[in-house]
Amino acid sequence: PGVSMDLAQKLTDLGALVIPFDMVELPEDDFAFLYWQSGRRILKAARLAKDTPGLFPIYVSNFSCGPDSFIIHHFKRIIGSKPHMILELDEHSADAGIITRCEAFIDTIRNARTRGTSRPIPLVSISSNHANRRRVYVPYMIDHGYVLTAAMRHCGVDAEPLPESDNLTLETGRKYTTGKECYPSIITTGDIVKKTLAPDFDADHAAFFMPSASGPCRFGQYNRLHRIVLDELGLQQVPILVFDQTKGYHQDMAALGRGFRLHAWRAIAILDSMQKIVLERRPYEINKGETDAVYQEWLDLLIKKVGQDSSTLKSFSRQVRDAFEAIKIDKSTPKPRIGIVGEIFVRSNQFANDSLVGKLEALGAQCSVPPLEEWLDYIDHQRKRRNWLHLEGGWRDWAKQKLTEIVQESVAEPLRKQFDSSIELFTRELSTQEILNRGKTYLTPAVEGEAILSMGRVVEYAEHGFNGLVNILPFGCMPGTIVSLLLHQFRHDYGLPVLNVVVEGTKDPTESIRFEAFIQQCCEHMLNHQQSPKK
């Protein structure tokens, strides 16, 4: 009653019979696409309310509730035209406002139709049904998307990467979302809709690619939101090709073409190494802009090579290394090292994080960002764990996954070695288990996803003598919020300056002051560490 503003009593006082949905037998609809059990029960209750004359639902939510931001979309489709109320509460909710909303709702339903007309929750197409006969558009997150689409083309899939996001992306995405969804879902929605409006878009021969997961964060629901938006645009014939990172991983991987995984893995190993070199050398370059120019030149060549032939990638890697080593740098004045963690989309996407790395470098810092390999290694590790415990698959699937990893490393390691002389830190990534072991001091690995990876990585940054940490997260991000709280204890344990940066596509007038103060703290930490190494 305290959290809900005593809502049940207020409705009772207005003459309504209040029935908590815990007290009724719910229908058998599975809603298997939703991996939150409480969310499934909410949708079952919505189905009951829609089909029961005289029963009208009130959806009680709270400000910035992550699951609700997606569940409400499905709730509305089920309820359809039947009167309902969505009540969002927080610590600022006023008694008078709640009573007014309740009175208006009671007045609405007194003479309302007893049944509503609902709309079905659309199914999401599976990749294997369409990948060979449609052009597959891949929304941009990070430059790795370019080489992944090139690898898809090499393996027989007509794939095309969408361009980097821009202000039109954000404006478009906000038109087709409520604003309560996480920032990356708004951006990807904007990129998808923007493409459908392009003059060259052929709906009958197009599809959109979107990875998925089984929680606990909201990422696995993006494809459902995109499906709803495309349906509302009248594009029901355009499938979303879901790439499942968990249960359907091997099936969906096979649909991308024979040999795709190894072909793409080689390219990822090279690109991860290139980005590590950029982050280490760019802050010290003598000719400003040279590092970015070299990176862009060799990225274009890598994309072209992956799309055609990868047989000479070892010699190509040496050429890339030599090109970066030719850049003149001056490291006579050391710069504070800043480790960046957080939600994988915003930490990787320059538009989403508003050029975070560039701003920190402009203030005199050297940054480090976890590579894409970290996440790929983690989802492989989790699949093996589920197979071993027979939660998914079994020992045969575990052996298949283990053998795949061995083959992957055998083809990627010769490429990584070409960059060893050019990379000072993190020439090799720690195994996922080592990352989890570092992070479990602060969070149990049973809480799957980016939160435990971020906590493991910040400990690794501390072990490498970094001078400060940035946790970047979309507004309301569920794993990011957990990390921002746990970093209070981490800061106490390691004495490192920590900055939490929340992004949502708006400008923060205090950002520059916060960044400058943070860098000053990092510089002081660096000086203290140099003067007292033992400390």
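Pull up the cross-link candidates among the aspartates and glutamates for K359, meaning alpha carbon to alpha carbon under 12 Å and not fewer than 8 places away within one chain.
Straight-distance partners of K359: E511, E516.
Send over a whole-number figure in Å² for the accessible area per residue of the chain, probe 1.4 Å.
Accessible surface, normalised per residue, equals 46 Å².
Pop out the carbon and sulfur fraction of the accessible area of region 411-456 as a percent, whole number, probe 1.4 Å.
Here it works out to 51 percent.
Would you mind computing, in nm to one decimal, how far apart the modelled labels at L89 and R41 are, each placed 7 Å from Cα along Cα→Cβ?
1.6
Taking 20 °C and 1.002 mPa s as the conditions, I'd like the Stokes-Einstein D for region 219-351 in µm²/s, using the Kirkwood hydrodynamic radius from alpha carbon pairs.
Stokes-Einstein gives a translational diffusion coefficient of 117 µm²/s.
Given the rule -39500 (n - 2.57) for each run of at least 4 DSSP H residues, summed and divided by the residues of the chain, what is its mean residue ellipticity at 222 nm, to the nearest 500 deg cm²/dmol?
Result for the chain, helices only: -16000 deg cm²/dmol.
Can you list, largest first and rounded to whole Å, the semi-axes you get for the chain by taking the square root of 5 times each eigenvalue of its Cα gyration tensor?
Equivalent ellipsoid of the chain: 43, 29, 22 Å, largest first.
Taking a 1.4 Å probe, which of D252, D95 shows the most accessible area, and what order do the others take after it?
Ranking D252, D95 by accessible area, largest first, yields D95, D252.
If E504, E290 are ordered by their accessible area, calculated over protein heavy atoms with a 1.4 Å probe, which sequence runs from highest to lowest?
Most to least solvent-accessible, the answer reads E504, E290.
Which of the lysines could a cross-linker bridge to K314, judged by Cα under 28 Å and excluding same-chain residues fewer than eight apart?
Excluding near neighbours in sequence, the set is K276, K304, K305, K328, K400, K402, K417.
Taking all protein chains together and a probe of 1.4 Å, list R438, R457 from the most accessible to the least accessible.
R438, R457
Once ligands and nucleic acids are excluded and a 1.4 Å probe is used, how much of F209 is accessible, expressed in Å² to the nearest 10?
Using a 1.4 Å probe on the heavy atoms, I get roughly 30 Å².
Sequence neighbours fewer than 8 away in the same chain don't count; with that in mind, list the lysines whose C-alpha is under 19 Å from K76.
Cα-Cα hits under 19 Å: K44, K50, K175, K180.
Mind grabbing the accessible area of V357 for me, 1.4 Å probe, Å², rounded to tens?
Answer for V357: close to 20 Å² accessible.
Please compute the net charge surrounding G480, taking Lys and Arg as +1 and Asp and Glu as -1 over other residues with Cβ under 15 Å from its Cβ.
Charge balance near G480 sits at -2.
At 1.4 Å probe size, with no ligands or nucleic acids counted, give the accessible surface of K417 in Å², nearest ten.
K417 exposes around 120 Å² with every protein chain in place.
DSSP beta bridges in the chain, what fraction antiparallel, as a percent rounded to 5?
Bridges in the chain that DSSP calls antiparallel: roughly 5 percent.
Rounded to a whole number, what % of the accessible area of region 201-352 do carbon and sulfur atoms account for, probe 1.4 Å?
Carbon with sulfur: 50 percent of the solvent-accessible area.
Could you tell me the ratio Rg/Rh of region 361-517? Both radii from Cα atoms, Rh via Kirkwood.
1.01
Using r as the Cβ-Cβ distance of H205 and A112, and R0 as 60 Å, what FRET efficiency do you calculate, to the nearest 0.05?
So the FRET efficiency works out to roughly 0.85.
The values are calculated or read from the model by the stated rules, or taken from the named source; none is laboratory data. Just so it is clear, the structure is predicted and the values come from calculations on it, not from any experiment. No Cβ is skipped: glycine too gets one built from the backbone with ideal geometry, and neighbour counts run over all protein chains shown. Protein only, heavy atoms only, side chains kept; ligands, DNA and RNA dropped before computing areas. Shrake-Rupley method; radii C 1.70, N 1.55, O 1.52, S 1.80 Å.
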